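Notes follow the structure.
Every number here is computed from the coordinates shown, using simple stated rules; none is lab data. Keep in mind it's a predicted model, so treat the numbers as computed, not measured. As a convention, Cβ positions derive from the backbone with ideal geometry for all residues, glycine included, and neighbour counts pool all protein chains shown.
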Amino acid sequence: MLLKQQVKQLLYNQIQLRRGNRMDRKADARKKIQLGGLLVKAGLDHMHPNDAYVLYGMLLDCKRALKAKPEIKQRWAKLGQELLIKKDYYGD
């Protein structure tokens with residue numbers, strides 16, 4: 001009887017883990033879609049996928065700049081917020 005309860009608990013735990021993994025995958029996919037949308041909004045979607053290294057280099061450069069000057073984040077946030085709330089902004 002104890003073994004049967006343990007098996008049930010194990011199966012229940014596996015089901016919960018699968019549900020959690022599914023939700024994690026959905027959240028991860030949503031995050032990636034949103035980040036891709038920002039690249040489109042910034043007008044950087046014209047680049048060919050073979051030029052992905054250019055975008056990656058730009059992002060790494062931004063990461064380095066942020067580490068060197070943490071205060072730059074405030075400037076970027078202000079600029080991004082101003083442009084994102086404009087209804088007529090199309091990435092130009």
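Could you work out how far apart the two model spin labels at K31 and D45 are, taking each label as a point 7 Å from the Cα in the direction of the beta carbon, and quote it in nm?
Roughly 2.2 nm, to one decimal.
Roughly how compact is the chain, stated as its Cα Rg over 2.2 N^0.38 Å to two decimals? It would help to have the intermediate numbers written out before the result.
On the way: Rg = 21.7 Å, N = 92, 2.2 N^0.38 = 12.3 Å.
Compactness ratio reported: 1.77.
Name the lysines eligible as straight-distance cross-link partners of K32: C-alpha to C-alpha under 22 Å, and not fewer than 8 places from it in the same chain.
Qualifying lysines at Cα under 22 Å: K41, K63, K73.
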